[in-house]
Amino acid sequence: MAADDAQGEYRIEHDTMGEVRVPAAARWGAQTQRAVENFPVSGLTVDAGLIHALGAIKSAAAEVNGDLGVMDADVAVAIAAAAAEVAAGDHDDQFPIDVFQTGSGTSTNMNANEVITALANERRGDDGQIHPNDHVNASQSSNDVFPSAIHVAAAVATTHDLLPALDHLAATLTAKAEENAEVVKAGRTHLMDATPVTLGQELAGYAAQVAAARDRIAATLPRVGELPLGGTATGTGLNAPEGFAAAVIERLAERLDVTLTEAPDHFAAQGARDQLVSLSGELRALAAGLLKIANDVRWMA
């Protein structure tokens, strides 16, 4: 429940720990506000891409929960529509929690649950009939949803932003290599003049380097797309109906146009982020390669 305070700038929310003051205009609730107050670490909030991925998961999860009879159809529809707004980036300002927070992402998961609840209740015209835990978080846990959202966000950004950019860069370098195929220059070893090469040969080498990095990054995506969703709190799948995770992941993959599958072992998938470490390593290799190319161009200038 909530009540306006005397000044009208805050409302009073109640949870199992007691009362907490929440900004009157905020759509988040007590759990989010407590996290804001408990983690004043960096001033940096969670990346918007992760919030959008979390919204997409919550939307698909509500639809599947409705299909499986976990909740009434009208409740599922309202939650799915509200979560879709979060996924679209319409409510990024409603996620104020510091990126340095509890390790399982519980605070941001509850932030999403509370915001989606408020939006869904506004849509239905109900006063608190939809509950952040009982409905928005149904068949889920922070421990499987939050890492799933990280993987989804990484897969989306890599697939739709990074790989096309690398394709464009490699193609541009290849075109420049062909354009300068007969431009002869001094080759360099340890900054000293060496045997002649063409500028086209050097540019083609850069193109090949970028293309190889692109292929190594793309090769990590099937593993990055293995989601722990459905494992709930500890990997056992307790309180998630049979077929829930597979149905949610199928909808996510289709809507986001990325490769996503259910993790073959939920205990491994929830207990470690090995696939993201692999992607991170390839991103570091790409960064080193791009720095090398940039330095070569600088020396040539």
Checked the range 266-285 for anything surrounded by 13 or more Cβ atoms within 10 Å (Cβ to Cβ), among the aliphatic types (A, V, I, L, M) and either free of Cβ contacts under 8 Å to residues at least 12 places away in the same chain or outside any helix (DSSP H, G or I) (or both); matches are A268
Report yes if some residue within the range 137-154 is of a type outside the set (S, T, N, Q), open to solvent by less than 20 Å² (accessible area, probe 1.4 Å) and outside any helix (DSSP H, G or I); otherwise report no.
yes
Pairs only if they're at least six apart or on different chains, beta carbon under 7 angstrom, first in the range 240-252 and more than 22 Å from V224 (Cβ to Cβ), second open to solvent by 50 Å² or more (accessible area, probe 1.4 Å); list them, first residue then second.
P241/L68; P241/V70
Please name all residue pairs, on different chains or six or more residues apart, with Cβ atoms under 8 Å, provided the first residue is in the range 158-178 and is assigned to a helix (DSSP H, G or I) and the second residue is surrounded by fewer than 17 Cβ atoms within 10 Å (Cβ to Cβ) and hydroxyl-bearing (S, T, Y).
T159/T259
Could you check D265 against (1) touching a strand residue (DSSP E or B) at 6+ places or on another chain (Cβ under 8 Å); (2) within 30 Å of A87 (Cβ to Cβ) and say which number it fails?
(1)
Tell me which residues, restricted to the range 70-98, are farther than 30 Å from S42 by Cβ, in contact (Cβ under 8 Å) with a residue 60 or more places away in the chain and open to solvent by less than 60 Å² (accessible area, probe 1.4 Å).
M71, V75
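Within the bounds of the range 9-30, is there any residue that is open to solvent by less than 50 Å² (accessible area, probe 1.4 Å) and part of a helix (DSSP H, G or I)?
To start, the set of residues in the range 9-30 that are open to solvent by less than 50 Å² (accessible area, probe 1.4 Å) comprises 11-13, 15, 18, 20, 22-24, 26, 28-30.
Of the ones still in play, those that are also part of a helix (DSSP H, G or I) are 30.
Yes, the conditions are met somewhere in the range 9-30.
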Would you mind telling me which numbered condition in (1) over 30 Å from L291 (Cα atoms); (2) open to solvent by less than 20 Å² (accessible area, probe 1.4 Å); (3) assigned to a helix (DSSP H, G or I) T220 fails?
(1)
Test of understanding: among T232, T259, which residue is outside any helix (DSSP H, G or I) and open to solvent by 50 Å² or more (accessible area, probe 1.4 Å)?
T259
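Does any residue of the range 141-159 turn out to be among the polar types (S, T, N, Q), farther than 30 Å from A213 by Cβ and more than 16 Å from the chain's Cα centre (by Cα)? Working first, answer last.
Residues of the range 141-159 among the polar types (S, T, N, Q): 141-143, 148, 158-159.
Subsequent filtering for residues that are farther than 30 Å from A213 by Cβ retains 141-143.
Filter once more, so that each one left must be more than 16 Å from the chain's Cα centre (by Cα): 141.
Yes, there is a match, as at least one residue in the range 141-159 is among the polar types (S, T, N, Q), farther than 30 Å from A213 by Cβ and more than 16 Å from the chain's Cα centre (by Cα).
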Within the range 99-110, residues among the β-branched types (V, I, T) and surrounded by fewer than 21 Cβ atoms within 10 Å (Cβ to Cβ) come out as V99, T102, T106
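The values are calculated or read from the model by the stated rules, or taken from the named source; none is laboratory data. As the structure is a prediction and not an experimental result, all values here were calculated from the model. Note that each Cβ is placed from the backbone with ideal geometry, even for glycine, and that neighbours are counted across all protein chains shown. For accessibility, only protein heavy atoms count, side chains too; no ligands or nucleic acids. Shrake-Rupley method; radii C 1.70, N 1.55, O 1.52, S 1.80 Å.
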